[in-house]
Structure formats: structure tokens, C-alpha cells
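A short write-up of the structure that comes next.
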Amino acid sequence: MQKDLELQMAEQAADKQERPSCASRWKGVIAVAVLALITIAISAGVYFANQPKDIPVVQSTQTETSPSVVKVAPLSSVGDNAAVVLESTTSLADDRATFYYVRLVNVDFDELENVQDLERLSLVLSTASMSTIELSDPILVIEQVASVEFPFNITGVDGIDNIQAAAIVEDQTVIATASFGQQQPSIPDSSDNSTSSTLPPILESTLSGSYGTQGTIRIDYSNEFVNGEIKAVPRLNFDLPNTVRAPGPYLYLSKRPFSETRGRRLDAEDIYIPLDQSGGSFNVAGTFDQLLDEVPLEDIEEYANGSWVVWCRPFGVYIGGGSISASE
């Protein structure tokens, strides 16, 4: 009997040793829970640390429109496509204020013949014709022209509309002459909103959407001197009081109407329009313009009933946009 009792007590003691106490079980549960919380916290930290951050806003510093060619005087005796070019710009703060500039295109002073001293070269603008240019009574003389930074502002010059000829002069010796008016630009100048019958219509759009998407985009036209010819080129005019605050907003031009792009995904034919001032992204605030290099002039009218799309690339989502219409 005594042996049976001792055996029973020994078995009970062994059973107690094998079964964990209630306190031990709770300690195990708490340890697992703490480990799970730590894992969740680390995972969340890694997730948020790797999330794309909003691109900083870029405030435009542009004060004038891009230059548009008014007229050109070819300097054929100096080199291929060499010319004296008169251009105009308009104040972005006041479209009634027009500025004029002169620049030399494809002129290599070292290649000029019969020049004794480049430092004595001047550029002369005159109202006289090329054959009778009056060096003693010019409209403007730019001295040491080989060292001048172009475009050169000539806004204050009287009679700019009457300039007929230009000459490169060393002291009183004419080295090369050119006559304006041999080519007429397709539009009068950048301060005139009228367009010739050969140009597409002016296209306008108002943007709306999320993350601060608002403002207007206008497509009009300016003149460039390209390969010896004056050509009209499309130009984008932005007026964006606020800019998009998102990790990666980008602008696209679509032939699809706004009803088909709003809230939808991009299409293979939608054209990416990089903003020059930001390196590409659509995060510039203010009033500014740039040439629309991505679309040929002859294709502009195809977007008359299209739309703009602001797209967030990191997350692949639609942010905003607007319909495009031709203005009267």
C-alpha cells in the first residue's frame, strides 16, 4: 500500500513537471504577440520609407514669351544660312508690352574675309536699302559685335519697323551686307494673336482634377528661323496658379475627347509632353511657355477635340486633365 501511494505521488510530480504553468503559457503568448508587433512595425517602416515622395514644386521664373521671328536679313556672303534675325517677345505679366531683339545666326567671324581686327567689327542696322546703306546715320550700331552676347535687346530703338538693311563693318569698311524683307513670316509677330489662313486654329483647355490640378493650356504659334527659312511652329502657353503635388505627375496630349480620358488609363497614342523647366515632370507653377516640339504643325488640328491628361507614373493613376477646343 505504501509503495502504491509513493508511486502515485511520483507520477503526479512528473505530470506537473511536463505541463507548463498558466503563467508560463501567458508569457509565451505575450512573446509571440510582441514579436508580431515588431515585425509589423518594421514592415510598415520599410513600406513607407520606400514610398515615392512628392516632387518639389518648381516656380517658373520666365518673364517673357519665347522669341518669335519678325524678319530676317540673309547674309549669304558670310556662309550657308547665315542671317541677321529680328525677333519679338511679349511680357508675361502684361501682354501689351513687346520687346525686340536682334541676333546673328550661323555667322563665324573667323571666316570673314579681309578683316584686320575682330574687335573693331560692328553690326549696323539701317533704314536705307542694302545698296545705299548710310553708315553715317544708322538706326543702331552694336560695337565689338564679335564679343556681344545674343540675342541683343533693341527695344528702345526708334523706327524698328522701318529697318531695311544690316551690315557688318570694320571701322568704315563694309564687310558684309544683308537686306530684310526677302522672307515674310507666316504670322506678323508674337504680340499679334491673329494667324494666317494656313495655320491650324488656336487650341485652349482648362485643367481640373486632384492634387492641385488646375490652370489653362493654350496652343498658338510663333516663328522660327530654321535651315534658312522662316517657319511657323506650335507653342504651348501655360497659366498654372497651382501645380500638382504628387510623387510623379506627367502631362500627356491625347486625340481622345475628355469623356474618354477622364479617370481612364493612358492610350498608346497619347503623347508625353515634358516640361522644359522641370526636366519633364508636370510640377511647374506660374505663367510660362515653350515650343511644342512633339507634334508637327500639320498635325495640330487633329487635337482640336482632344484632351490633356495629367498622369501619376509611380502609381499608374489618373490625376486630372481637361478638354481641348478651338477658339474663335
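Quick note: the coordinates plus some simple rules give every number you see, no bench work behind them. Note that the structure is predicted; figures quoted are calculated from it, not measured. Neighbour counts run over all protein chains shown; Cβ positions are idealised from the backbone, glycine included.
Calculated FRET efficiency, Gln62 to Thr173, Cβ-Cβ distance, R0 = 41 Å: about 0.50 to the nearest 0.05.
Label-to-label distance, Gln116 versus Asp80, with points set 7 angstrom from Cα along the beta-carbon direction: 3.4 nm. For segment 68-179, the Cα gyration tensor yields ellipsoid semi-axes of 24, 15, 13 Å (square root of five times each eigenvalue, largest first, whole Å).
If you find the alpha carbon centre of segment 264-279 and of segment 103-130, how far apart are they in angstrom? The distance from the Cα centre of segment 264-279 to that of segment 103-130 comes to 43 Å.
7 Å from Cα along Cα→Cβ at both Val148 and Ser210: what's the point-to-point distance in nm? Result for the modelled spin labels: 5.4 nm.
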